[in-house]
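Below is one structure; the comments refer to it alone.
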Amino acid sequence: MPELDIVDLSMRFDLPNGSSVQALKDVSLSLKEGELMSVLGPSGCGKTTLLNILAGFLAPTSGKVELNGHIVEGPDAERGMVFQKGALFEWMNVRDNVEFGPRMKGMPKAEREKISDHLLEVVGLQDFKEKAVYELSGGMQQRVALARCLANEPDVILMDEPLGALDALTREKMQGLVLKLWKETGKTIILITHSVEEALLLGERLIVMAPRPGRIHREYNLPFAERGVNADLRDVKKSEGFAEKRDEILSMIWEMEEEIMGRTEQVA
Amino acid sequence: MIVLLFYLGLFGGAFFIVYAMRRGLQSRQDFTSLKTVTFGDESAVRADRAASIISVVVIFLIWGAFTGSKIMPIHVPGPFVGETQFTYTLEHPDGSTDDATVFVRVPAFGEEAESFEVEPGTGFAKDVAFAAPAGRSSTILFDKNDEVTRSDGAKIIAINGTAIGPDDTVDTGDGSVSLTGKGAISFTPKQGLQMNPIWLPAPETVVARFFEIASEGYQNFSLWQHLGWSLLRVIAGFVAGAIVGIPLGYAMGLSGWFRGWFDPIVEFMRPVPPLALIPLVIIWFGIWETGKIVLLFLAALWIMTIAARAGVSGVNISKIHAAYSLGASKWQIMRHVIVPNSLPEIFTGARVAMGVCWGTVVAAELVAAQKGAGMMIIAASKFQLTDIVIMGIVLIGIIGYGIDILMRKAENILVPWKGRS
Ligand SMILES: Nc1ncnc2c1ncn2[C@@H]1O[C@H](COP(=O)(O)OP(=O)(O)OP(=O)(O)O)[C@@H](O)[C@H]1O
Ligand SMILES: [Mg+2]
């Protein structure tokens, strides 16, 4: 039985000036428990909109999202979020950020501490527990965000460009961490990215979306995530089939971008 | 005008001296000193410590020099003090002339002129003794002892040998002499460049006044009571304003109905300076404590409301979304996300509000009060006690500055994450 079911999802934004934007049109998708899916697409194709609907922050104009047999109607602890940046609570130290979810549920302190101790160790921040989050680097902050999300034991983790604000080297390390966490926890993960390489590395499944209206353009099943669990990600990038897939998807997105540009030029 | 020129001179002079001195020992190479583009780079401009110190010293220097301060070695020329004399030449109606001397004693500022006698001398014009008041011109009735007077047709034709007519002026060195329209002598002692203590007393006078009032009090209340009452009013008004304003601001940040309802009121009241409310508040609440605290409450209320509203609106939506996805309830989000997230804004508002309240309380006390810092200076000004006025102004400034420093300290301790997200 599929865990996450997205059925004919459409989203139209009516703008105050009378026009409207079809951000998503008839998106259907199923994810099984423990699947890792990455989402690629040109800017403005509705990736964030899709994720916000899955998270329950937006209600779709039509269609539905089902998780474990019930319809998603609002945000809930079963669906964890990791944002690009700015979502940590500066007024709490690292440990309190990680323990936020359990604390809201009323878990006793000793239990919470066990969870945060373990998770901060997993993400390599065991020496920064008492630090203020604004004293950490961008990469460390994202590790706190991952730990905070995992501490809450969600069924699905939704990530909107979680590594988008990091430098290339940190980003590579974090990609390894995401794969490791995925394998260790067995969570269902949907990850939005702008980087084709990242999408290939961090997606058992990869969907490429197309804009106007936002829809699923192509879908791939990829071996690289599985390979990356036990190998150096740089070797995975050199491994068989990676370069071809990358070039194929790059030119696909490139074409879409060109088409958008062409259309806007015509309008202008 | 002269003071301003002095000030500019010291400003420029100190700059060149300090820079010449520094050129020799330019060894420290911090980050800024290695920057080649500093003009226009705001971060490379730091307050020069030496300039700040010299600036304060210069103010006291000028203050002392222009008030004849006793603790200052150099002064600008002061007013003439002591004994001087000049002669006048009186013409008899029959054409003969005679000289007589006027002896003048000028006391220091603030001292009484003591009358004295001199020998009248010979001739029909007799010598005169005159005790002049300090710092202003006075008319000398020179002919009250002369054998012929102006009513007989005698008139003055020269001062110190210099011919003089009505409305002419002759400089005698220690002052100036002119003839009034009626032919009497008007003597003005030399003023110098120093200030009359009624305009500006010397620094040590102000300090002495401070110690005097600190130990003896002023107008039935001790100095600490005056200042304490002002502070108490500020705190009472501010706390009341915060207690009402912060929840109101939160409500406006969280509910469209509240925002719609109160937006016009807040936006209208915000630009009205609290001082403009004094008359109405006096009419409604009277001039005593209730009126003052209501005024300060109003001064703080809008600032705190707007700060709290801005604090709520300023929350990054990702934080709210993250909190919901972590299973927080609305109340938990309020308590653990919205309130802490708004604290930096509220602190900024509180600093502004405290400053405005402090200024407003002084102004309100100027209008009517029996005690308070503002009352002290307005009461003193009625008796021309300029030293108390200046002492009061300095204390008001110091306390206002102190409040701001305390608020900033509190901010650093309580909201260390301010401006760091
Ligand atoms: N709240 C909104 N109101 C109106 N239009 C919106 C709103 N949110 C998104 N849109 C529009 O919907 C479309 C999809 O936006 P979305 O943010 O989902 O794109 P995206 O794929 O996440 O882009 P990016 O890669 O730049 O993050 C865009 O055309 C955008 O202008
Ligand atoms: Mg987006």
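The values are calculated or read from the model by the stated rules, or taken from the named source; none is laboratory data. Treat the numbers as computed from the prediction; the structure is a model and nothing was measured. In this analysis, Cβ positions are derived from the backbone assuming ideal geometry, glycine residues included, and neighbour counts consider all displayed protein chains. Each accessible area value is taken on the protein alone, full model and side chains, heavy atoms only, with ligands, DNA and RNA left out. Shrake-Rupley method; radii C 1.70, N 1.55, O 1.52, S 1.80 Å.
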How well do other chains shield peptide A:151-163, expressed as the mean number of their Cβ atoms within 10 Å of each residue Cβ?
1
Give the average, rounded to an integer, of partner chain Cβ atoms located within 10 angstrom of each Cβ in B:329-338.
2
Among beta bridges that DSSP assigns inside the protein assembly as shown, antiparallel share in %, nearest 5
70 percent
Quantify how strongly other chains surround peptide A:197-208 by giving the mean number of their Cβ atoms within 10 Å of each of its Cβ atoms.
0
Residues whose modelled amide H sits under 5 Å from the amide H of B:Thr149, counting only those 5 or more places away in sequence or on another chain, are B:Ala154
Going from most exposed to least, what order do B:Thr188, A:Thr61, B:Thr122 have by accessible area with a 1.4 Å probe?
B:Thr122, A:Thr61, B:Thr188
Per-peptide average of other Cβ atoms within 10 Å, ordering A:50-59, B:61-70, A:127-136 highest first:
A:50-59, B:61-70, A:127-136
Per 0.36 nm of contour for each residue apart, how much would the distance between A:Asp117 and A:Lys238 grow if the chain were fully extended, relative to their Cα-Cα spacing?
39.9 nm
Looking at chain B only, what percent of DSSP beta bridges run antiparallel? Nearest 5 please.
90 percent
Would you mind classifying segment B:293-421 by shape? Square roots of the alpha carbon gyration tensor eigenvalues, ordered a ≥ b ≥ c; an a/c under 1.5 is rounded, otherwise it is prolate if a/b is larger than b/c and oblate if not.
prolate
Specify the inter-centroid distance of segment A:50-88 and segment B:249-273, based on alpha-carbon positions, in whole Å.
33 Å
Relative to the longest principal axis of the C-alpha atoms of chain A, give the angle of the C-alpha long axis of helix A:168-185, reported between 0 and 90° and rounded to the nearest 10°.
70 degrees
Nearby lysines by direct alpha-carbon distance to A:Lys64 (threshold 18 angstrom, same-chain neighbours under 8 apart not counted):
A:Lys25, A:Lys32, A:Lys47
So what's the angle, to the nearest 10 degrees on a 0 to 90 scale, between helix B:373-382 and the longest Cα principal axis of chain B?
20 degrees
Per DSSP, loop GluC sites (Glu not before Pro) in segment B:60-140 with at most 11 further Cβ within 10 Å:
B:Glu111, B:Glu112, B:Glu114, B:Glu117
Using mean Cβ contacts within 10 Å as the protection proxy, how do B:403-415, B:128-140 order, highest first?
B:128-140, B:403-415
Folded to 0 to 90 degrees: helix A:242-267 orientation relative to chain A principal axis, Cα
60 degrees
Under 18 Å Cα to Cα from A:Lys245, which lysines show up? Leave out anything in the same chain fewer than 8 places away.
A:Lys237
Accessible-area order (highest first, 1.4 angstrom probe) of the listed residues B:Trp199, B:Trp288
B:Trp199, B:Trp288
Give me the lysines in straight-line cross-link reach of B:Lys70: C-alpha distance below 25 Å, same-chain residues under 8 apart excluded.
B:Lys190
